[in-house]
Amino acid sequence: MKNEIQHKWYALYTKSRSEKKVRDQLTAMEIKAYLPLKRELKQWSDRKKWVETPIISSYIFVNIAAADYKRVFEANGVVSYVSHKGKAVTIPDHEIEAMQKTVENKLSFSVETGDIVKGQNVTVTSGPLKGVSGIVTEIKGNKKLHIQISHIGYTLVINLENDTVDF
């Protein structure tokens with residue numbers, strides 16, 4: 001008999017501009033939290049500064065066992081789980097891994113809201129996203145991989161100009 005505790009990914013909705021604080025608190029509680037960030041040049045009236053901002057505002061991802069389900073609310077700034085019919089929905093591991101690979105490899109991407117209806121299912125066969133599956137479309141001559149992030153209504157759009165895709 002295995003005593004293996006199963007951890008699943010969930011999306012948490014946070015108060016506006018609280019994503020980093022929530023991540024830090026969850027990490028201090030020894031809860032695995034993932035907050036995808038992008039580096040942006042911000043302009044103020046008197047200066048410019050490079051800052052890291054969340055890719056998806058007001059969302060953070062946690063990988064938890066069932067026992068930690070309620071503990072996440074101990075972090076100040078957590079509003080709720082992303083849920084469907086009152087039950088928190090799990091985010092598949094492959095979607096989190098695809099997002100992590102995209103951010104870590106500093107690939108060119110954008111995040112769009114809404115569901116993608118058109119396109120073909122593909123798997124990347126070479127390059128930093130090898131093994132990632134998604135939906136591809138032709139947009140102005142550039143190959144794009146659309147990775148839907150389940151149940152939160154966002155799609156990660158990655159430029160695949162130098163990677164090989166298997167249809």
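The values are calculated or read from the model by the stated rules, or taken from the named source; none is laboratory data. The structure presented is a predicted model; accordingly, all values stated were derived computationally and were not measured. When we count neighbours, we look across all protein chains shown, and the Cβ atoms used for this are built from the backbone with ideal geometry, even at glycine. Just so you know, the surface numbers come from the protein's heavy atoms only, side chains and all, with ligands and any DNA or RNA stripped out. Shrake-Rupley method; radii C 1.70, N 1.55, O 1.52, S 1.80 Å.
Residues being open to solvent by 10 Å² or more (accessible area, probe 1.4 Å) and within 30 Å of GLU40 (Cα to Cα): count how many of those fall in region 75-94.
10
Does LEU26 satisfy being touching a helix residue (DSSP H, G or I) at 6+ places or on another chain (Cβ under 8 Å) and crowded, with 17+ Cβ neighbours inside 10 Å? Before the answer, list the steps.
Details: touching a helix residue (DSSP H, G or I) at 6+ places or on another chain (Cβ under 8 Å): yes; crowded, with 17+ Cβ neighbours inside 10 Å: yes.
It is true that LEU26 is touching a helix residue (DSSP H, G or I) at 6+ places or on another chain (Cβ under 8 Å) and crowded, with 17+ Cβ neighbours inside 10 Å.
Given (1) basic (Lys, Arg); (2) open to solvent by less than 90 Å² (accessible area, probe 1.4 Å); (3) free of Cβ contacts under 8 Å to residues at least 60 places away in the same chain, where does LYS38 come up short, assuming only one miss?
(3)
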